[in-house]
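Q: My questions will all concern the structure given below.
The values are calculated or read from the model by the stated rules, or taken from the named source; none is laboratory data. Note that the structure is predicted; figures quoted are calculated from it, not measured. We place every Cβ from the backbone using ideal geometry, glycine too, and count neighbours over all the protein chains shown. Ligands, DNA and RNA are stripped out before the accessible areas are found, and what is left, the full protein with its side chains, is counted by its heavy atoms. Shrake-Rupley method; radii C 1.70, N 1.55, O 1.52, S 1.80 Å.
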Amino acid sequence: LQESSHWSALFEHLECCKDVCDRFGTRLAVIPSVDGEDGRAVVLREVSGETMSNFEDDDDDWELSPELLAKLRASQAEEAAEIGSIESDDESTNYVESSDEDILEISKRWVNAVISDAGICPFSVNADRAGLPPGNVRYQVTRAPDAETAYLAYWNEVVALMSATDAEIATTLLVLAHPRWIRNLEEFETLGSTLGQALDTQGLGLDADLQLVFFHPGFVFRDGRDRAGEDRAANFARRSPYPMINILRTEQVRAAQKGLPTALVYQQNELTLAGIGADLLESMLKDRDWKPLDGKKVDRKQIEVLRLAQDLMKNAAAADTDK
């Protein structure tokens with residue numbers, strides 16, 4: 001952080017994070033300091049007064065008539081519903097198990113049944129092994145009730161991944177097991193966009209080391225297809241029992257993309273998920289029970305995309321052994 005470019009990028013990233021935080025940017029300020037003996041430093045300062053989100057002040061420029069205020073509130077409510085807030089009265093949708101062990105077990109059952117056995121991720125061997133070359137899959141559960149706590153959990157997992165070898169941790173799944181993130185897809189996506197900004201070369205430039213994939217119970221592809229109708233089964237490639245952040249190694253992602261075009265993977269996933277059926281996939285996700293898929297593991301030798309991926313994993317594992 002002693003370099004000016006990194007210093008600027010850090011504070012640009014923190015500015016992005018304010019949009020989703022509860023306290024940071026409203027009651028907690030981050031101030032750069034260059035006066036310390038160790039050079040650059042970050043000062044955290046508690047601030048008082050009205051929050052930035054409170055527009056009820058004495059400025060006449062912000063005064064609205066009751067009619068306009070009602071229209072504004074109605075518009076905001078409609079926009080929230082359209083963008084993807086998935087708040088529901090259905091307790092089975094928003095319920096979070098009390099035990100982290102139960103959450104891990106459910107998460108792994110989903111990975112085994114949908115991601116691995118159905119071949120949705122060609123480079124997933126099972127819930128505990130994936131990658132190119134294959135290595136261990138790390139799982140971590142956070143009960144983060146706000147973005148600040150979620151950021152802490154995320155960066156802890158980044159450090160853990162970057163401190164380990166590919167074999168020790170090939171990839172990480174951070175599970176956000178809190179109703180706040182389950183109910184609100186839009187807020188989860190906003191959180192994800194700030195993490196993505198840190199990867200961008202205009203941000204912290206971490207894209208050389210890390211790539212991210214996001215999963216959510218209400219995920220919807222925005223690709224112009226009828227993802228709310230007859231093509232909706234494809235959404236379940238990214239619909240998980242809880243919101244999840246998949247932290248991947250860039251080197252492995254690029255090797256996978258070089259050996260296996262992403263478009264072919266998407267096409268195969270559409271066929272596979274359509275074959276299972278959107279209604280069954282939705283029912284299993286709601287119940288967090290994938291027993292109907294027991295014994296229906298795809299034959300990777302019979303599907304070209306999966307056969308190619310299997311060969312790539314074998315070659316990568318052999319090359320890794322020879323190092």
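Q: Pairs needed: first member in segment 286-300, within 18 Å of S240 (Cα to Cα); second member anywhere, exposed (fewer than 15 other Cβ atoms within 10 Å of the Cβ) and at pLDDT below 95; C-beta distance under 6 Å; at least 6 residues apart or different chains.
A: Here the result reads K286/S92, each pair linking segment 286-300 to a residue that is exposed (fewer than 15 other Cβ atoms within 10 Å of the Cβ) and at pLDDT below 95.
Q: Just wondering, is there one or more residues in segment 237-246 that are open to solvent by 20 Å² or more (accessible area, probe 1.4 Å), at pLDDT below 95, of a type outside the set (F, W, Y) and not in a helix (DSSP H, G or I)?
A: no
Q: Does L199 satisfy the criteria of being open to solvent by less than 30 Å² (accessible area, probe 1.4 Å), in contact with a helix residue (DSSP H, G or I) (Cβ under 9 Å, 6 or more places away or on another chain) and more than 12 Å from V20 (Cβ to Cβ)?
A: Numbers: open to solvent by less than 30 Å² (accessible area, probe 1.4 Å): yes; in contact with a helix residue (DSSP H, G or I) (Cβ under 9 Å, 6 or more places away or on another chain): yes; more than 12 Å from V20 (Cβ to Cβ): yes.
The answer is yes for L199.
The rows are residues; the columns are (1) of a type in the set (D, E); (2) in a helix (DSSP H, G or I); (3) open to solvent by 20 Å² or more (accessible area, probe 1.4 Å).
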position	(1), (2), (3)
F221	no, no, yes
D226	yes, no, yes
A233	no, yes, no
L248	no, no, yes
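Q: Please count how many residues of segment 208-219 are touching a helix residue (DSSP H, G or I) at 6+ places or on another chain (Cβ under 8 Å) and surrounded by 16 or more Cβ atoms within 10 Å (Cβ to Cβ).
A: Initial filter on segment 208-219 (touching a helix residue (DSSP H, G or I) at 6+ places or on another chain (Cβ under 8 Å)): 208-212, 214, 216-219.
If we keep only those that are surrounded by 16 or more Cβ atoms within 10 Å (Cβ to Cβ) as well, we get 210-212, 214, 216-219.
Going through segment 208-219 one residue at a time, the tally reaches 8.
Q: Right, something else. I need a count of the residues in segment 211-243 that are of a type in the set (A, V, I, L, M, F, W, C) and over 24 Å from L264 (Cβ atoms). Walk me through how you get there before you give the answer.
A: Looking only at segment 211-243, we keep the residues that are of a type in the set (A, V, I, L, M, F, W, C), and these are 212-215, 219-221, 228, 233-234, 236-237.
Next, from what is left, pick out any that are over 24 Å from L264 (Cβ atoms): 228.
Looking only at that region, the number is 1.
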